[in-house]
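The values are calculated or read from the model by the stated rules, or taken from the named source; none is laboratory data. These numbers come from a predicted model, not from an experiment. FYI the Cβ positions are ideal-geometry reconstructions off the backbone, even for glycines, and counts take in every protein chain you see.
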Amino acid sequence: MKNKDLGFDSRLIHEGHIDDQFGSATVPIYQTSTFRFKSAEHGAACFSGSSDGYIYTRLNNPTVDSLERLAASLENGYRGIACSSGMGAVNTIYGGLLKQGDHMISTDAVYGPSRVVMEKHYSKYGVESSYVDTSNAENILKEIRPQTRLIYIETPANPTMSITDLKAVAEIARQKGLITVADNTFCSPLLQKPIDFGFDIVFHSVTKFMNGHADIVGGVIVSRSREFDQILRPMMINLGCNMDPHQAYMVIRGLKTLSVRMERAQENAIKIARFLEDHPKVAWVKYPGLESHAQYKLARSQMNGPGAMISFEMKGGLDAGKTLMNNVRLSLLAVSLGGVESLIQHPASMTHSKVDKQSREVSGITDGLVRFSVGIENAEDLIADISQALDMV
Ligand code: LCS
């Protein structure tokens, strides 16, 4: 059977594996900075591209290559580009696709640094950006200027959990000749495949659900076509934000259990979301698996599951949220997300603290918003823990 005929879970286990001479069941870690050429001619051929041998680990490496092939298969794309971090992927995309005078339209509630690096650094090089609520595709249409080149969306958005209609955005971009990029970190390719909806480029902070064990930082970009891969790969190489072979091995290892981890985390998440929604001290809960989520139907139509991220606000605002966070005992008070352990954090003072307060408020990142990344512990234990912490408020 050809691998393209395999189901998603079989791909997680078998796809991308580069053959090694000893028949290793797992992808070997090629912990080397450089590769020996067979001859001067071979070295020259590797550099010219007429031979696809390995050269130097910043450029290519068999372990990293295995992850790049696996990621591409999972996202139904052409090829993956593994990066040292999710922010390495963001900068490869911005730097590779935008030039002086270009304009980008982005989801307003993106991961804080994805916005901060554009507003504070790329603006110095003459790149302009607008931040809108992309959960209404009309807002994107209104922002398009002659200089617009890129539509960059995050869905569900970190941390507001608002959902952008992938098909509608891809259609707008097709009509206007724009490039589309989706940050798929909150979903992983198990729950959402933006390329299937017409997106050009998808990327992940693999630090999160894809690796899933809170033990490495990394990123991966998957392009729909060779054209985009050929623009982005040299950018990543020249920025020097390549993934290390050991990091790549860890992600490949973590990915094998993506489906089983995500299924369990989602089972827990819906129970916790309902518990929070019914709790008298909680003002609101945003979770795509709750009927009360404003885009519940859209989420169901483009995601294969609601995921394991929940945002909520305490009736007592920030102070009540702080008391809650200071009193959880099982969940960890920590940033990051998508691991087997549950994590709780406060975006306004932590992950999104460098975004100015007014922009945070406009995009729905209120001071009282608390973000919960649901792990795979026993749901009863997680609920008991949150419940006792809520009692302290
Ligand atoms: N995109 C999203 C949606 C993210 O949540 C993050 C990190 C990144 C990109 C950047 O990836 P990194 O370089 O960290 O691998 N999000 C974090 C968060 O919410 N808490 O801590 C990190």
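Looking only at segment 350-372, residues that are in contact (Cβ under 8 Å) with a residue 40 or more places away in the chain, more than 12 Å from the ligand (Cβ to nearest atom) and closer than 17 Å to S311 by Cα come to 8 in all.
Of all the helices (runs of 4 or more DSSP H) wholly in segment 14-114, which have at least 2 residues that are surrounded by 19 or more Cβ atoms within 10 Å (Cβ to Cβ)? Write out each step before concluding.
Numbers: elements: 40-48, 62-75, 86-97.
Those helices (runs of 4 or more DSSP H) span 62-75, 86-97.
Per the listing S331, S311, S336, the residue uniquely of a type in the set (S, T, N, Q), touching a strand residue (DSSP E or B) at 6+ places or on another chain (Cβ under 9 Å), closer than 18 Å to H213 by Cα and crowded, with 21+ Cβ neighbours inside 10 Å is S331.
Right, C187: within 16 Å of the ligand (Cβ to nearest atom), under 24 Å from K167 (Cβ atoms) and either at pLDDT 95 or above or not assigned by TED's automatic domain parsing to the domain that holds G112 (or both) or not? Write out each step before concluding.
Details: within 16 Å of the ligand (Cβ to nearest atom): yes; under 24 Å from K167 (Cβ atoms): yes; either at pLDDT 95 or above or not assigned by TED's automatic domain parsing to the domain that holds G112 (or both): yes.
Yes, satisfied.
Restricting attention to segment 161-184, the residues that are within 17 Å of G77 (Cβ to Cβ) and within 12 Å of the ligand (Cβ to nearest atom) total 4.
Can you tell me which residue is nearest to the chain's Cα centre (by Cα) among those in segment 267-286 that are among the basic types (K, R) and more than 18 Å from V393 (Cβ to Cβ)? Ranking the candidates gives K286 first.
Within segment 209-223, being within 11 Å of the ligand (Cβ to nearest atom) and surrounded by fewer than 24 Cβ atoms within 10 Å (Cβ to Cβ) holds for A214, I216, V217.
In this structure, E341 does satisfy being at pLDDT 95 or above, surrounded by 15 or more Cβ atoms within 10 Å (Cβ to Cβ), closer than 20 Å to N268 by Cα and of a type in the set (D, E, K, R). Residues in segment 335-349 that are more than 12 Å from the ligand (Cβ to nearest atom) and hydroxyl-bearing (S, T, Y): S342, S349.
Residues in segment 194-205 that are surrounded by fewer than 24 Cβ atoms within 10 Å (Cβ to Cβ) and either within 13 Å of the ligand (Cβ to nearest atom) or closer than 23 Å to K256 by Cβ (or both): D196 alone. Within segment 142-153, residues that are farther than 20 Å from V90 by Cβ reach partners that are among the acidic types (D, E) with beta carbons closer than 9 Å, at six or more positions or on different chains, in the pairs R145/E128; Q147/D102; Q147/E128. Of all residues assigned to segment 88-98, at least one qualifies as being within 16 Å of the ligand (Cβ to nearest atom), of a type in the set (G, A, S) and in contact with a strand residue (DSSP E or B) (Cβ under 6 Å, 6 or more places away or on another chain).
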